[in-house]
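Below is one structure, written out as structure tokens; the observations come after it.
The values are calculated or read from the model by the stated rules, or taken from the named source; none is laboratory data. A quick note: this is a predicted structure, and the numbers were derived from the prediction, not measured. Here the Cβ positions follow ideal geometry from the backbone for every residue, glycine too, while neighbour counts run over all protein chains shown.
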Amino acid sequence: MKVEHYDEKFPFIIIENFYSLDEINLVWEELDFLCYPFKLDPPTKTLAAKNKGTNLKQNEGVFLEKIYTDKNISNIIQLNDKIIDNQKQIIQEHPSWFFKNILKVESFSESNLISYYENACYYGKHKDASFFTFLRWVYKNPKSFIGGNLIFDDYDLEIEIKNNMGIIFPSSISHSVTEVQMKSNDMHKKMGRFCISTFYFLEKKVFHDKIDEVNFLQDKDKKNLQFI
Ligand SMILES: [Fe+2]
């Protein structure tokens, strides 16, 4: 695991080789199990950000919290402990005020979303509703798609995704995903772009389930909130 802190236009953290070889095998066991059209939800069911009523994303995904009644069943959720166990190195040693003053990671509540992108999938400019966001990308080799990079639109910054690389950033920074292009022969074979998103919230709320449960927000704020 190689951690790099960036603090130029805004603070963020890049983690290369986030998972070890054994861990990535555990991740793939779960992704392979989940990546079927009848198991993944369309954007309307994964709290897609909207602009004037139109979904900003085109992909499929599922919140892990929707699937498991016991989160310890999920290899992916279990491996989030890597952030907790290494939080000083990864987060609190960042020079920016945003990360170095952050509360202990275990005091946040999390929501975990698996997203899968094949040809023509994208995610338009949006903000996440959490406090900070942790994304990591995995795909099968040989890489069978192009695009799917992460853009921080307001800062003209493009992050080229790499296998087993992650990024942590303040959720309020606008971001988008460029359109994925994939040959038809490679489609429907789990050869696309997987993104594992963990959203860290300041309060322990079941955010992935129902907007009505986000009762720490005022009604007027809910209207303007863009989702993950
Ligand atoms: Fe997002």
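Summary of values
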item: Given (1) crowded, with 17+ Cβ neighbours inside 10 Å; (2) under 26 Å from Ile67 (Cβ atoms), number of the condition Met187 does not satisfy; result: (1)
item: Residue list for the stretch 21-54, filter: small (Gly, Ala, Ser) and in contact (Cβ under 8 Å) with a residue 12 or more places away in the chain; result: Ala48, Ala49
item: Search result, residues across the stretch 129-151 that are within 16 Å of the ligand (Cβ to nearest atom) and at pLDDT 95 or above; result: Ser130, Phe131, Phe132, Thr133, Phe134, Leu135, Arg136, Trp137, Gly148, Asn149, Leu150, Ile151
item: Selection count, the stretch 8-42, where residues are out of contact with any Ser or Thr (no Cβ under 7 Å at 6 or more places or on another chain) and either within 17 Å of Leu135 (Cβ to Cβ) or among the aliphatic types (A, V, I, L, M) (or both); result: 17
item: Condition check for Phe12: within 16 Å of the ligand (Cβ to nearest atom), among the hydrophobic types (A, V, I, L, M, F, W, C) and either outside any loop (DSSP other than H, G, I, E, B) or touching a residue at least 40 places away in the same chain (Cβ under 8 Å) (or both); result: yes
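Conditions (1) closer than 27 Å to Ile151 by Cβ; (2) exposed (fewer than 13 other Cβ atoms within 10 Å of the Cβ), marked per residue:
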site: Pro11; (1), (2): yes, no
site: Phe18; (1), (2): yes, no
site: Leu40; (1), (2): yes, no
site: Leu47; (1), (2): yes, no
site: Gly53; (1), (2): yes, yes
site: Leu64; (1), (2): yes, no
site: Asn72; (1), (2): no, yes
site: Asn80; (1), (2): yes, no
site: His94; (1), (2): yes, no
